[in-house]
Structures are given as C-alpha cells and as structure tokens.
Amino acid sequence: MKKICIMLSTYNGEKYLNEQLESIFLQDCDFQVDLVVRDDGSTDNTVDILHEWISKGHQMTLLDNKGKNLGPARSFLELLSQCPGYDYYAFADQDDVWDHNKIAKGVETIERIKAEDLQPVLYCCNSRKINSQDEVTVKQNTKAVPEFNGNSIMISGFAQGCTMVFNSEARDEVLKFSLDLFPMHDLALLTCVYFAGKVFYDNTPHISHRVHENNVDAISYDSNIFKRLKKANTKWNARSKKNPLDNCAREVLNIYSKRMTPEELIFYNNLSNYKKIKHKLYLLNYILYNRLNSKSSNRSFAIRAITNKL
C-alpha cells in the first residue's frame, strides 16, 4: 500500500485545530495516511489537543521541536527533512478544513502525470475562503487557471502551500537546497518542481482556507490600510534579513540555469544582484509590463525592490 505523509505545523492553533484534524482523518482514499506534526512552541492548549488525538489511536506523530520556534516556513521545511520514506507528501495548515477528496485528487493527478516519466510532480488546487464562523467569503481564490513562469513564481507564487500534494521526487529536489534558503516553503516547492519537473494546477477548490485575524493572511484581513502596511513591512523586514531573495535567486541559478529560458536567465541574474541600481531598474521595468502576477503582487515586489527588502 502506498503511503502519504501529511505535514502539519502548529502554533497556538487551539481554536480551529480539531476541525482541521477531523477533516484530515476523514480523507477518502485507499492508501495509508500518516499525519506528522511539529508544534512551533505553542503556549495555548494546542499540544494537549494533539495528544488527545494521538490517544484516540489516530495515525499521527508529534515531533520533538527541541524548544525551537522556527516560524511557519522553516517549521514546514524541517518537517519535510524529517519525513523520509513516503510516496507522497502534503502540507496542512492548522486552521483550514479539507474536502474529503483533497488528497485523492492530488495523488490521482500525480500518478497520471508521473506515468509519463519518473520526475518531480507537484499538484496544487484552488481554494475557497472561509471566516472564523465557517462561512464562505470567497468561492474561488483564483478565478482561472493561472499563467506562470519561473519569474512570476519569484514575484508572488500562484498557489498556497496548504493546497499542495507532491511526490517523493519533488521532496528530494527541494532538499538539495539549504532549509534556510527560501523565504517560504510553498515558494521552494513551486520553484524547484517548475524547473525540475511538472506543476499541475487544479482550478476546482478542494480545501476551505480560513482567513482570520491571527493567521498568515492577517495582513489582508485587517481593513485599516496603515495597519496592513505596518504588518507587511514587519514581514518584509524579517524575510529580507533571514531569507533574502537575491541569495535564493543566486542558488536557483546555480542549479537550474540550463533549464531556464533566456528571459528567466536574465530575470534571475538581475534579481540576484538587485541592490545594484542597474539591476534594480531592470526589475522595476519588468514589473511595469508584467501581466502574469496581480497588480498588488507587482506593487509589493516593486516596493521591496526599491527599499532593498526582497
């Protein structure tokens, strides 16, 4: 029987965690589903809730976090590095709710694509947005199948980590890089598999992504523009110091330059040196005519490039 590892990173998630765990354990599929959890230093009842589910006999492992708070991206990548030996993998956020067929749809798609060749394959699906009362606020996060290339992935990506299912070859590809290299785990998967294998986007939502005041989408949740800007600036500062995008672009170039188009080569070379004025000007000009990313993503990228916070 084939096995899939669902990787869940938790942090002060007591409010919605039970609902998410239930949706994971009710997945309708004919292969072994193992849930591996890493708690990132919760101070509420999150860990107690996890132990309750383990005591009920569910196929679930809680890793020792060794007292470290790593943040969501590094926590997920840490999970990825500690979970070898599975056929398939998926990321899970603590406050979402999965449709019963989310994993089955992902695995079915990967197996169909992989039949062509042994390669990294990443499946991503659309999502609907729900609020703290489980009310649907947005039926489809993306209206149409997104167009993308290696450049647009670096500007904003196009899929959420919580929608992803991928094979062991994709995991191996990501782990060629240092866990500290990419600013987000979903960016790591999108970038590596785009250049080394195949990415498939399913425009049908198979997950309810919860947006509330305490999750990573809290910036868009807040209606006060000044508060949004302050939160965004705090996030940009943290990422540019820990995981600068120019270093990331440089390493991606080192491994995938032979698989890039001429346009991608130019973009990544400029991104890897963006703090120099001529490279910064190239990126700003590129953003001016870029149509693959949203206006808000282009604007965010341009501001961060100008202020050296990529």
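The values are calculated or read from the model by the stated rules, or taken from the named source; none is laboratory data. Keep in mind that this is a model prediction, so the values were computed, not measured. Every residue, glycine among them, receives a Cβ derived from its backbone with ideal geometry; neighbour counts consider all protein chains shown. Remember, those area values only see protein heavy atoms, side chains included, never the ligands or the DNA or RNA. Shrake-Rupley method; radii C 1.70, N 1.55, O 1.52, S 1.80 Å.
Quick notes on this structure:
- Of the solvent-accessible surface of the range 119-203, computed with a 1.4 Å probe and all protein chains present, 47% belongs to carbon and sulfur.
- Proximal charge balance of Met60 [Cβ under 15 Å; K/R count +1, D/E count -1]: -3
- A Förster radius of 35 Å combined with the Cβ-Cβ distance from Glu22 to Leu118 puts the calculated FRET efficiency at roughly 0.50.
- Among 260-271, 178-189, sorting by the average number of other beta carbon atoms lying within 10 angstrom of each residue, highest first, gives 178-189, 260-271.
- Separation of alpha-carbon centers, the range 38-74 and the range 100-138, rounded to whole Å: 24 Å
- Per residue solvent-accessible surface (Å²) - the range 36-119, probe of 1.4 Å: 47 Å²
- Projecting the Cα atoms of Val145, Pro262, Ser55 onto the charge dipole of the chain, computed from C-beta unit charges around the Cα centre, puts Pro262 farthest toward the positive end.
- Calculated [θ] (222 nm, deg cm²/dmol) that DSSP helices of n ≥ 4 give over the chain, each run adding -39,500 (n - 2.57): -13000 deg cm²/dmol
- Backbone HN-Hα couplings from phi across the range 120-134 [Karplus 6.51/-1.76/1.60, Hz, Gly and Pro as x]: x, 9, 10, 9, 10, 10, 5, 9, 10, 9, 10, 9, 5, 9, 6
- Low-density loop positions, trypsin sites (Lys or Arg not before Pro), the range 107-197 - DSSP coil, at most 12 other Cβ in 10 Å: Lys139, Lys143, Lys176
- Residue-by-residue Karplus 3J(HN,Hα) for the range 7-14, coefficients 6.51, -1.76, 1.60, Hz, glycine and proline x: 9, 10, 9, 10, 7, 6, x, 4
- Residue of Thr43, Thr204, Thr191 that the Gaussian network model of the chain assigns the largest fluctuation, springs spanning Cα pairs under 10 Å: Thr43
- Antiparallel DSSP beta bridges within the range 60-204, percent to nearest 5: 60 percent
- Net charge of neighbours whose Cβ lies under 12 Å from the Cβ of Asn151, counting Lys and Arg as +1 and Asp and Glu as -1: -2
- Amide H contacts under 5 Å for Leu35: Ile6, Met60, Thr61, restricted to partners 5 or more places along the chain or on a different chain, H placed in the peptide plane at 1.01 Å from N.
- Using θ = phi - 60° and Karplus 6.51 cos²θ - 1.76 cosθ + 1.60, couplings along the range 57-74 (whole Hz; Gly, Pro as x): x, 6, 6, 8, 10, 9, 6, 7, 7, 6, x, 9, 9, 9, x, x, 4, 5
- When you filter the trypsin sites (Lys or Arg not before Pro) in the range 21-95 for DSSP loop state and at most 15 other Cβ atoms inside 10 Å of their Cβ, you are left with Lys56, Lys66, Lys68.
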